[in-house]
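The values are calculated or read from the model by the stated rules, or taken from the named source; none is laboratory data. Being a predicted model, the structure only gives us computed values, none of them experimental. With ideal geometry, Cβ positions are generated from the backbone for all residues, glycine too; neighbour counts draw on all protein chains shown. Calculation scope for accessible area: heavy atoms of the full protein, side chains included, ligands and nucleic acids excluded. Shrake-Rupley method; radii C 1.70, N 1.55, O 1.52, S 1.80 Å.
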Amino acid sequence: MSGTALVVGGGIAGLVAAHRLCAAGWEVTLAEATSVLGGAVSARFLDVPSHGETGAPESQTLELDAGAESFAVRGTAVRALLEELGLGGKVVAPEPLGSWLHGPAGPVPAPRLGLAGIPGDLEAEDLAAALSGPGLARAREDAVAPMDRWADALAAGEPVTVAAIVADRLGEEVLERLVAPVVAGVHSADPAVVELERVAPGLLASAVEHGGLAAGVAALRGSSTPGSLVAGVDGGMSRVTGRLVDALREAGATVLRGVRVAALSRVPATGGWWAQISDRDDEVVRGLDVDRVVLAVDGATAWDLLAPLSGGDLDPDAGPALGDGVALTTLVVEAPGLDAAPRGTGVLVGAGTDVAAKALTHATAKWAWLREVVARPDHDGVARHPHRHVVRLSYGRSGAEPGGLGHRSTDEELLARAVVDAAALTGVPLSEQDVVARAVVRWRPSIPPQAGPDREAADALIAWSRGQAGLDLVGSWVHGTGLAAVVAGVDRAFDAPTPAG
Ligand SMILES: Cc1cc2nc3c(=O)[nH]c(=O)nc-3n(C[C@H](O)[C@H](O)[C@H](O)COP(=O)(O)OP(=O)(O)OC[C@H]3O[C@@H](n4cnc5c(N)ncnc54)[C@H](O)[C@@H]3O)c2cc1C
């Protein structure tokens, strides 16, 4: 069946959904509220001072990922999408430098064989280096302690939080030093409330099968692609959403930017939908009649649009909260001390330290293509800026204490703190004078609820939508955070011919 479809939201979920609908013969309109397509997978441009081959001053415009800068290589959905878009040859691995964790005990290299910070090799040297003697001995109990309690939980389908199982199997030190920084930094979640299944799908079953949490991690990691858990795209992840937009336009889709879908209603005569489209000043621009609606927005917005149509099933005032925001600061610095990549590709920060950032990515250490662009080699290959580096620091912890730095902080506060935090996290002295360019990007509804009443409300909405003809809900709040989860989820929703992982 095909007809007319409206996709609301132009992030990766909406773009992939629109792409799949076009391929299935639907006449697609996509409406994105902001002026930028791609949502959290988009680029921002940053002017940095440079000089020409003669040494004359000029400026260089860097195109940097504003949000996502990599994708998890588990599953095949993103890779298949990239092949489909002609970007297969552009996939790049990060530099194999490893990463670091920064907890109350200071910086430690992250164990290489791990999943969500949970170690997969209890005999590894890097694990011994990261833990105290008693902490390591406690972690190794995981290899011998009975798994009955967790086997029972798995069999009963009981929710198992990350903190509960990690503390029980591997001890508090592993939880605090290794797991909490990853769960907070990558998933913006508290290990005490987030379920293991959300951050490491399949791990509980694997742990039960292999008789220990570390053994479960090793089995899962062993069956996935060797090497890094993530990959990137030469030129940045925004290439992916850029190609999707091109593909949509080539397929004849109507792609609207700067227009918000402000209200939806059912058209009983046709069984279809009517959408009210507003501009940024909330002036109604027009209405649109379609056969099918795909909501690719955050859960709070989806609730606001659908609760009035639910006949009381969904209380308009009881929707999921918009979620915590993230502020991403990017610094371009001249710092020879960073040339040796002292913290590998970056650092995840645990709670209980005096660093306000939750993560630092040393982008020019992580991605060779970016290092090349930033260094600006002359025609004879000599770099004009050999000591220039890009570091990204993110602010805004889930449930952060009021007053903590986050997306509501001013640019000045964030940027000043970013210099201090970058120095503390890398161990390289840095000052304002070393910064040649800086930028802040804010992501408001960027962290889907992982647990608690907001998650329950989101799940209730997803369940309700299944009974609604011509309605699909997609996006990270439905499928999970990150491109691997979102693209695979959208493919499943539209029965894409590509193998979803
Ligand atoms: C700073 C940051 C870094 C990240 N890094 C990574 C990474 O390295 N790897 C990874 O895999 N994942 C990463 N993620 C997560 C990943 O980017 C997201 O999970 C994914 O991009 C979410 O896509 P989405 O389409 O569901 O949502 P979004 O990208 O949020 O898109 C939703 C879109 O809907 C629009 N919208 C909302 N309401 C309306 C309306 N009423 N009408 C019209 N449009 C509307 C919004 O403007 C937005 O563009 C990162 C996220 C952030 C914020």
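Ignoring ligands, DNA and RNA, what percent of the accessible area of the stretch 311-466 is carbon or sulfur (1.4 Å)? Its accessible area is 53 percent carbon and sulfur atoms.
Taking θ as phi - 60° and the Karplus parameters 6.51, -1.76 and 1.60, the scalar couplings of the stretch 184-193 work out to 6, x, 8, 9, 6, 10, 8, x, 6, 10 Hz in sequence order, x denoting glycine and proline. The H on the amide N of residue 436, modeled in the peptide plane, is under 5 Å from the matching H of 332, 333, 334, each at least 5 residues off or on a different chain. Between the listed residues 302, 348, 338, the Cα displaced farthest toward the positive end of the dipole of the stretch 290-364, a dipole computed from Cβ unit charges relative to the Cα centre, is found at 338. For the stretch 185-243, the Cβ-based charge dipole about the Cα centre amounts to some 280 debye (Lys, Arg positive; Asp, Glu negative; other atoms uncharged). Each Lys and Arg Cβ is given +1 and each Asp and Glu Cβ -1; about its Cα centre, the stretch 202-311 then shows a dipole of about 220 debye. With bins 20 Å wide beginning at 0, the percent of Cα pairs of the chain falling in each bin runs 22, 54, 23, 1. For the stretch 145-235, the equivalent ellipsoid derived from the alpha-carbon gyration tensor has semi-axes of 23, 17, 12 Å in decreasing order.
When only alpha carbons are used to place a centre, the stretch 208-270 and the stretch 1-72 end up 13 Å from one another. Rounded to the nearest 500, the helix-only mean residue ellipticity at 222 nm of the chain stands at -9000 deg cm²/dmol, with each DSSP H run of n ≥ 4 adding -39,500 (n - 2.57).
Once you have the Cα-Cα distance between residue 54 and residue 412, take 0.36 nm times their residue separation minus that, and quote the gain in nm to one decimal. Kindly include the intermediate steps, with their values, before the conclusion.
Numbers: separation 358, 0.36 × 358 = 128.88 nm, distance 3.47 nm.
Fully extending the segment from residue 54 to residue 412 adds 125.4 nm.
Write down the accessible area per residue of the chain in Å², having rolled a 1.4 Å probe over the full set of protein chains.
On the way: 21040 Å² over 501 residues.
Result: 42 Å² per residue.
A simple spin-label model places pseudo-atoms 7 Å from Cα toward Cβ; at residue 47 and residue 354 they are separated by 3.8 nm. Most simply put, the chain has about 75% antiparallel DSSP beta bridges, counting only bridges with both residues inside it.
Can you figure out the FRET efficiency of residue 431 with residue 279, using R₀ = 35 Å and their beta-carbon distance, to the nearest 0.05? Write down the numbers at each step before the final one.
Numbers: r = 44 Å, r/R0 = 1.25.
E(calc), rounded to 0.05, equals 0.20.
Relative protection proxy for 142-150, 330-338, 258-266, from highest mean packing down: 330-338, 258-266, 142-150 (other beta-carbon atoms within 10 angstrom). Sorting 95-107, 59-71, 174-186 by average packing, meaning the other beta carbons within 10 Å per residue, from highest down gives 174-186, 59-71, 95-107. The magnitude of the dipole of the chain, with charges of +1 and -1 set on the Cβ of Lys/Arg and Asp/Glu and taken from the Cα centre, is near 560 debye. Three principal axis extents describe the C-alpha atoms of the stretch 334-410; from largest down they are 52, 24, 18 Å.
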